[in-house]
């Protein structure tokens, strides 16, 4: 009989400590079947976006369960730095969480406190939920604080300026630069390739390497993400499930439309 799965092992932390750069993508479709497909496609991690995707808790549970059948690690990006949202996501079994719009060390300390049980934090305790194997993981309460992996997202110039202070907060396991919101907050909305934004992206990678703090980033194309890897980012994401689907769909349509037009070419009025 195989040994039972260790529900407290954080596979993303393990993968991040192994050689290589874990590759992920954003899940914007909000469907469990697409999440499962992306996991089987070979991504190392998948971002369950609870900030911009209209997912309720039952739908989030279904997405997490679908990913669990693949080799991908789920990361739950919360809608806000809020204790209720932490509690819900962690009880559902998301061991790795990403917190958006953290601009200061004080906000980072709040996030860490929301992710951990007392005395280290203020996470509300329940014994029977998916994260604890519905009560079968006997050491859940004892080990949960060490199991959770907290990623703080930097999305403003203020957050970038406070990078070292934020990174030094105990319990902040990694940082993640959000280039979309960063570009918007720098006055270049929708243009993450603007020279000013690219300079900040390079600067953040250099500073994170200097202090030994893992930092991730997302980009829209393989070419741009490859540049981020060269800069030294520790984990990266490319596009999203919906983005990839729409690009391929429009490419197929563009390739086929000329054949349709040619078939119906005629000089007859």
Result of the Cβ filter at 7 Å on segment 9-21, keeping first residues that are under 19 Å from residue 209 (Cα atoms) and partners that are part of a helix (DSSP H, G or I), at least 6 apart or interchain, is 21/229
Among what's in segment 193-228 and is within 18 Å of the chain's Cα centre (by Cα) and part of a loop (DSSP other than H, G, I, E, B), pick the residue that is surrounded by the fewest Cβ atoms within 10 Å (Cβ to Cβ). 221
The correct count of residues that are on the phi > 0 side of the Ramachandran plot and either touching a helix residue (DSSP H, G or I) at 6+ places or on another chain (Cβ under 6 Å) or buried (at least 18 other Cβ atoms within 10 Å of the Cβ) (or both) in segment 1-51 is 1
Step by step: first the residues of segment 71-80, then only those that are out of contact with any helix residue (DSSP H, G or I) (no Cβ under 6 Å at 6 or more places or on another chain) and closer than 19 Å to residue 13 by Cβ, then the one that is surrounded by the fewest Cβ atoms within 10 Å (Cβ to Cβ). Which residue is that? 71
Only residues that are under 30 Å from residue 203 (Cα atoms) and touching a helix residue (DSSP H, G or I) at 6+ places or on another chain (Cβ under 6 Å): list them for segment 125-156, please. 148, 149, 150, 152, 154, 155, 156
Would you mind listing the helices (runs of 4 or more DSSP H) fully within segment 41-159 where at least 2 residues are touching a strand residue (DSSP E or B) at 6+ places or on another chain (Cβ under 7 Å) and under 27 Å from residue 5 (Cα atoms)? 57-68, 83-91, 105-115
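Quick grid of which residues meet (1) surrounded by fewer than 20 Cβ atoms within 10 Å (Cβ to Cβ); (2) within 15 Å of the chain's Cα centre (by Cα); (3) within 26 Å of residue 23 (Cβ to Cβ):
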{"site": "69", "(1), (2), (3)": "yes, no, yes"}
{"site": "82", "(1), (2), (3)": "yes, no, no"}
{"site": "92", "(1), (2), (3)": "no, no, yes"}
{"site": "100", "(1), (2), (3)": "no, yes, yes"}
{"site": "104", "(1), (2), (3)": "yes, no, no"}
{"site": "119", "(1), (2), (3)": "yes, no, no"}
{"site": "131", "(1), (2), (3)": "no, no, yes"}
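None of the figures in this text is laboratory data; all of them are computed from the coordinates on show. Quick caveat, the model's predicted, so the values are computed rather than measured. In this analysis, Cβ positions are derived from the backbone assuming ideal geometry, glycine residues included, and neighbour counts consider all displayed protein chains.
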